[in-house]
1. How big is the chain by Rg and Dmax over its Cα atoms, in Å?
2. Return the calculated 222 nm mean residue ellipticity for the chain, to the nearest 500 deg cm²/dmol, obtained by summing -39500 (n - 2.57) across DSSP H runs with n ≥ 4 and dividing by the residue count.
3. Taking a 1.4 Å probe, which of GLU57, GLU13, GLU23 shows the most accessible area, and what order do the others take after it?
4. Just to confirm the number: angle between the C-alpha axis of helix 75-88 and the first principal axis of the chain, 0 to 90 degrees, nearest 10?
5. Under 10 Å, Cα contacts only: if you run a Gaussian network model on the chain, which one of PHE48, PHE142, PHE130 comes out with the highest mean-square fluctuation?
6. So, with a 1.4 angstrom probe, what is the percent of accessible area on the chain that is carbon and sulfur?
7. With both partners inside the chain, how many of the DSSP beta bridges are antiparallel, as a percent to the nearest 5?
8. Let me make sure I get this right: for region 27-76, a, b and c are the square roots of the gyration tensor eigenvalues over alpha carbons, sorted descending. Under 1.5 in a/c it's rounded, otherwise prolate if a/b > b/c, else oblate. Which is it?
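The values are calculated or read from the model by the stated rules, or taken from the named source; none is laboratory data. Given the structure is predicted, the values throughout are model-derived calculations rather than measurements. Keep in mind that these areas ignore ligands, DNA and RNA; they rest on the heavy atoms of the full protein, side chains included. Shrake-Rupley method; radii C 1.70, N 1.55, O 1.52, S 1.80 Å.
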Amino acid sequence: MANNDIVPGFDDERDDSLKIKLERVANAPGCLLLALTGYIDTYNSNFFQKRVQRAIESGFVKLVFQCDSLNYVSSTGIGSFTTFLKAVKPQGGDLVLLDIQPKVYEVFQLLGFSQFFNIKDSLDDSIHYFNTDQTQEKPLVFPKVVSCPICYKKLKAVKPGRFRCSECKNILSVDDAGEVLLG
């Protein structure tokens, strides 16, 4: 099925640096798989945003971005994903990044965005995520006061991630459950 059959006018504009192939996800209403090939940077992010916005306006608020052929994402590209998330959340939607390459994931991590996005390893995991009632989310763990395992200084972690202890300067890692590890 052609992209224009799924989202009218989707292929009216093209960019050789980023190809987007659309596919309906049968088992999840309002869900669209967007297979990305190429890269997203400052020069093509406007094209990317306009294409995906067209899909959102067509009623697709559950977006799965297939990223196994996405070779690079700049900070501007990550900003595009954030824009999509802000557009679909109020409509009961969400987005998933699927099969994200390690070097692309590293950019998300370095900029501190990896915890904002759902990253899955398979389309089945993505469908299950969308079909699970998101209102019954796990209890809030953060913000949480944690202790440095070296100097025992009390620190406030507002989210999972890596932090530097303000007292002993060691790097700490706080996981999703609020557990503290070195490194």
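1. Every Cα atom of the chain included, Rg and Dmax give 18.6, 61 Å.
2. Details: 5 runs with 49 residues, N = 183.
Helix-only estimate at 222 nm: -8000 deg cm²/dmol.
3. Largest accessible area first, the list is GLU57, GLU23, GLU13.
4. Approximately 80 degrees, to the nearest 10.
5. So, out of PHE48, PHE142, PHE130, the one fluctuating most is PHE142.
6. Numbers: 5250 of 10330 Å².
The nonpolar share, carbon plus sulfur, comes to 51 percent.
7. Around 50 percent antiparallel, to the nearest 5.
8. oblate
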